[in-house]
Amino acid sequence: IAKSLGVRFHRYLGYEGNQIQFNNVELVPLASDNKFMDICYDVDDEYSVNVEHQSSHPTNRKMKDIYKYHIYQEIEGEKPVKSCILATYDPPKNKNKEIDVKYNIRFHPDFHYIKDRNASEVLSNIKSKVINNIPLTDNEAIDLIVLPDMKHNYDNRELLKTSSRLLVDAVIHDPQFHVDLIDCQKKMLKRFLSKKEYEEMKHMLNLKAED
């Protein structure tokens, strides 16, 4: 999803920038147990961002791995590095975890908690805009894709069907961005829907993409 949405994904994480260039994460020589960074990219050739997706609270060992990625990228890229953990687990009381990695060095990556958002509130706002033909902002459009990972009491299958219909009807001024969002939504549908349900929703989304 990050690579499909490019700089818009970067801004969704709360960072600024105009252009990003994705790096080959397999070049990072920390693969003694086949570990690689999830996502790494340069921003406006000024700094780099390492993003790690975590569906559960990262262990100290995982945090140390992320620190190693951070240091390697800082040395090899010869530019400042921001490390971000994209968290889809319930936020802990202490949201901004930092650890002593070694020799009293404190490592404090940025945390982006998807479950800090309430899916019901987000959905209500987007529905109102779609009904009234008000264009969605970039972040609102991306919200439609990540709704299942927000805090909610819905059935994920029904939530995805609703968000897919809204995505089809939404006013999004950049046609290519709309197509990219549809491609991302298909990936989300595969996570939760049966093959039959997926094919039905995929057909609906494809019709929009071909408009």
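Counting charges near Lys161 (Lys, Arg +1; Asp, Glu -1) among other residues having Cβ under 11 Å from its Cβ returns a value of -2. Among [x] 18.5, 58; [y] 17.3, 54; [z] 19.8, 57, only one was calculated for this model; which label is it, if the read-out is Rg and Dmax of the Cα atoms in Å? Here Rg and Dmax of the Cα atoms in Å agrees with entry [x]. How charged is the neighbourhood of Lys190? Take every other residue with its Cβ under 14 Å from the Cβ of Lys190, and add Lys/Arg as +1 and Asp/Glu as -1. Local charge sum for Lys190: +4. Solvent-accessible surface (1.4 Å probe) assigned to Thr162 amounts to roughly 40 Å². Counting Lys and Arg as +1 and Asp and Glu as -1 over every other residue whose Cβ lies under 13 Å from the Cβ of Val122, the net charge comes to 0. For region 95-198, state which GluC sites (Glu not before Pro) are in a DSSP loop and have at most 15 other beta carbons lying within 10 Å of their beta carbon. Of the GluC sites (Glu not before Pro), the ones in loops of region 95-198 whose Cβ has at most 15 other Cβ atoms within 10 Å are Glu98.
Surface composition of region 144-186: carbon and sulfur atoms hold 45% of the protein heavy-atom accessible area at a 1.4 Å probe.
Dividing the helix sum by the residues of the chain, where each DSSP H run of 4 or more adds -39500 (n - 2.57), gives a mean residue ellipticity at 222 nm of -14500 deg cm²/dmol. Calculated accessible area for region 151-211 comes out at 58 Å² per residue, all protein chains present (probe 1.4 Å; ligands, DNA, RNA ignored). The charge dipole of the chain, taken about the Cα centre with unit charges on the Cβ atoms of Lys, Arg (+1) and Asp, Glu (-1), comes to about 860 debye, rounded to the nearest 20. Relative contact order of the chain, taken over Cα pairs closer than 8 Å and 6 or more residues apart, is 14 percent.
The values are calculated or read from the model by the stated rules, or taken from the named source; none is laboratory data. None of the values given here were measured: they were computed from a predicted structure. For neighbour counting, all protein chains shown are included, and Cβ atoms are generated from backbone atoms with ideal geometry for every residue, glycine included. When the accessible area is computed, the model is the full protein with side chains, heavy atoms only, and any ligands, DNA or RNA have been set aside. Shrake-Rupley method; radii C 1.70, N 1.55, O 1.52, S 1.80 Å.
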